[in-house]
Amino acid sequence: MEREKRISLPTAIVLIIALFIVSCDKDPESRYSGEFTIDNTLYGLGPYYAIGFSFEEGKTLQTIGTPQPDITVHAKTDAQGSVSGAYLDTPNLKESYALAGDFNSAEDAGNYYDNLLEVGNYTWLLFADDISEHQVYVFKTRNDNYVKFRIKDLVLQDIDDEAFVEVTIEWRIQPDGSTTFPQ
């Protein structure tokens, strides 16, 4: 007859504490910056919803949930229904987007993004039209916090007669409402 093995109480407590430590966010700043990818896929059977990103929450959210995401991506199509471009939208119905720079290379966009330390005087728009790789934007959230972000990758495809768009964005939020970004 085999003997049943048991974990002692002190060992169990150590394991629980270790699991808790590993599961905790080691970098509290990661909620205020990072990288995400979203696309224009619709989910559900009705009402339909998409997945967007909330800079305030630091995570992806459904467009039918509360809170709503700050940013969603949409496809632009030509007369034949083929994907011809993409734009970023926000459900907050405020002029929230400002194009801070449009660059020819990832290196130039990255350098500008890294050195963008203060919100400037921009023309604010309801959406970011005709987005492309290597653009840097400033965004104003519904809570009047500023975000800088750059478009790192943009995929435009026609899949099964549907326009598909996927965008990868690097971002940093200034969560206290000031116009100065931390380095």
Quick one: length gained pulling His74 to Glu35 fully straight, 0.36 nm per residue minus the C-alpha distance?
12.2 nm
Quick check: residue separation of Tyr49 and Phe127 times 0.36 nm, minus the Cα distance between them. What number comes out in nm?
26.2 nm
Label point at Ser82 placed 7 Å out along Cα→Cβ; residues across segment 146-183 whose backbone nitrogen lies under 19 Å
155-166
For Lys140, give me every one of the aspartates and glutamates with a C-alpha distance below 15 angstrom, ignoring sequence neighbours fewer than eight places off in its own chain.
Glu56, Glu57, Asp70, Asp89, Glu95, Glu118, Asp176
From the phi of every residue in segment 130-138, what ³J(HN,Hα) in whole Hz does the Karplus formula 6.51 cos²θ - 1.76 cosθ + 1.60 yield, where θ is phi - 60° and glycine or proline is x?
6, 5, 8, 4, 6, 9, 10, 10, 10
Mind listing the long-range amide H neighbours of Leu61? Cut-off is under 5 Å, sequence gap 5 or more, other chains count too, H placed in the peptide plane at 1.01 Å from N.
Gly52, Phe53, Ser54
Length released on extending from Asp153 to Glu57, taking residue separation times 0.36 nm less the Cα-Cα span
32.3 nm
Over the residues of segment 31-174, compute the C-alpha Rg and express it relative to 2.2 N^0.38 Å.
1.02
Cα-projected label distance for Asn143 with Asp108, points at 7 Å along beta-carbon direction, nm:
3.6
Return the long-range amide H neighbours of Asn145 (sequence gap of 5 or more, or a different chain), with a cut-off of under 5 Å between placed amide H atoms.
none
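Where a number appears in this text, it was derived from the coordinates with a stated rule and is not lab data. In this text the structure is predicted, and so the values were computed from the model without any measurement. Note that each Cβ is placed from the backbone with ideal geometry, even for glycine, and that neighbours are counted across all protein chains shown.
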